[in-house]
Every structure is written in C-alpha cells, then in structure tokens.
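A.B. asks: Starting off with a structure, shown below.
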Amino acid sequence: MSVTLDRKMANNWSAGISYTHATLKGNIQRADSYDKVYYNKNLMINAYGNLPGVNDHEFKARGLYELPWHMRISGTFTYLSGTHWTPQYRTGNGNSGSSSFNGQRYLINTEPLGSQTYPSRALLDLRLTQMFTVSKSARLEAFVEVLNVLNRQAVTSYQTRVNADNS
C-alpha cells in the first residue's frame, strides 16, 4: 500500500512525499528464489513468516528548486525500516563426535522465518543540475550527485547461525 502527495513544478519548486507499507510472507529462505527444496519434513520447523529483503515501511521526501540561469538543486530523503532475517542452527557434519544426519548438514530455523530485523536506514541524496540550451528542440544537462550524504553505516548482514563455531 502506498500513499503519495506531489506538488508539480510551479514558482520554481516542486516537492513530493510518499509512504509505502509492504508485507511479504511465505516459506522461502532467500529473496532471489534460488531456494533449496525441503526433502526432510523435520526441516519445515519455523519455515513460514516474513520473507527476507523486504522493508515493511518506506518513507520518502523529495524537493527540487530551480535557481536562476537554469540551475536546479534537489534532494531526496529516504527512510527504510530494517529487512528481515532468521536465526538458524546448523547441524554437525559428523566429525569430532558432533551429530549428523546421514552425513548431511542442515540449517534449521530457531525462530519463525523473518522474525528478526536489521536496523532501519536513513539515506539523503543531493543533486545539482545545470541545463544548457543546444537548440530550440534540444537541451543538455550536466549534473553532480552526492549519494548517502548522512553516511550512516548500516548493518546489512549478520551471522545468522546461533552455533557459528561448531566443528
């Protein structure tokens, strides 16, 4: 679901805001759909929930102001809630007395799929544009962009295995 408000260019400025709420639930582990098929019914534990790679909430605000001499300055602020991830347990490989299942290792979800979220992110992008008239029907645009002005580091992955150091 999205709600958007826009002000078209008038009196040398324009602006817009939008809010999007998204929910994506299912039973795959990866957002790219290259998921392993579950042959062992015991591995279906906690296999349904919030899918990875989805921001539940997105807020975006943008503005543009046209200065004299056909120069424009614009900015976009974006807030993204954290995407989902799932803590997992990896079974042993049968070495050093650790348990294995017919020589196979399995990843088992210790909580419902997508029950944890990464921290939210706030992004600010700025752009300065200069327009040049080449002819009556053609214009040339030169621009400089500065992306992620706030330069806040954001966690984009965790070690999702609760037993990361099992030999």
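The values are calculated or read from the model by the stated rules, or taken from the named source; none is laboratory data. Computed from a predicted model, the values in this text were never measured in an experiment. Positions of Cβ are generated from backbone atoms using ideal geometry, with glycine treated the same way; all protein chains shown enter the neighbour counts. Only protein heavy atoms, including side chains, enter the accessible area calculation; ligands, DNA and RNA are left aside. Shrake-Rupley method; radii C 1.70, N 1.55, O 1.52, S 1.80 Å.
A.B. asks: Could you please find all residues in the range 59-83 being surrounded by 14 or more Cβ atoms within 10 Å (Cβ to Cβ) and of a type in the set (Phe, Trp, Tyr)?
C.D. replies: Those that are surrounded by 14 or more Cβ atoms within 10 Å (Cβ to Cβ) and of a type in the set (Phe, Trp, Tyr): Phe59, Tyr65, Phe77, Tyr79.
A.B. asks: Of everything in the range 125-167 that's of a type in the set (Lys, Arg) and open to solvent by less than 90 Å² (accessible area, probe 1.4 Å), which residue is modelled with the lowest pLDDT? Let's see the steps before the verdict.
C.D. replies: Applying the first criterion (of a type in the set (Lys, Arg)) to the range 125-167 yields 127, 136, 139, 152, 161.
This time we only want the ones that are open to solvent by less than 90 Å² (accessible area, probe 1.4 Å), so: 127, 161.
On the way: Arg127: 97, Arg161: 71.
Restricting to residues being of a type in the set (Lys, Arg) and open to solvent by less than 90 Å² (accessible area, probe 1.4 Å), the top hit is Arg161.
A.B. asks: Then there's this: Name every residue in the range 10-29 that is assigned to a strand (DSSP E or B), more than 24 Å from Pro112 (Cα to Cα) and open to solvent by 50 Å² or more (accessible area, probe 1.4 Å), in order of residue number.
C.D. replies: If the condition is that a residue be assigned to a strand (DSSP E or B), more than 24 Å from Pro112 (Cα to Cα) and open to solvent by 50 Å² or more (accessible area, probe 1.4 Å), then Trp13, Ile17, Tyr19 are the ones that fit.
A.B. asks: Please verify whether the range 26-48 includes one or more residues that are out of contact with any Lys or Arg (no Cβ under 7 Å at 6 or more places or on another chain) and at pLDDT 95 or above.
C.D. replies: no
A.B. asks: Right, something else. Evaluate the following for Arg90: is it open to solvent by 40 Å² or more (accessible area, probe 1.4 Å) and modelled with pLDDT of 85 or more?
C.D. replies: Details: open to solvent by 40 Å² or more (accessible area, probe 1.4 Å): yes; modelled with pLDDT of 85 or more: no.
Answer is no for this residue.
A.B. asks: Working carefully through the options Ser14, Ser2, find the one that is hydroxyl-bearing (Ser, Thr, Tyr), modelled with pLDDT of 90 or more and more than 23 Å from the chain's Cα centre (by Cα). Don't jump to the end; show me each part of the working.
C.D. replies: Details: Ser2 fails: more than 23 Å from the chain's Cα centre (by Cα).
Only one candidate passes the filter, namely Ser14.
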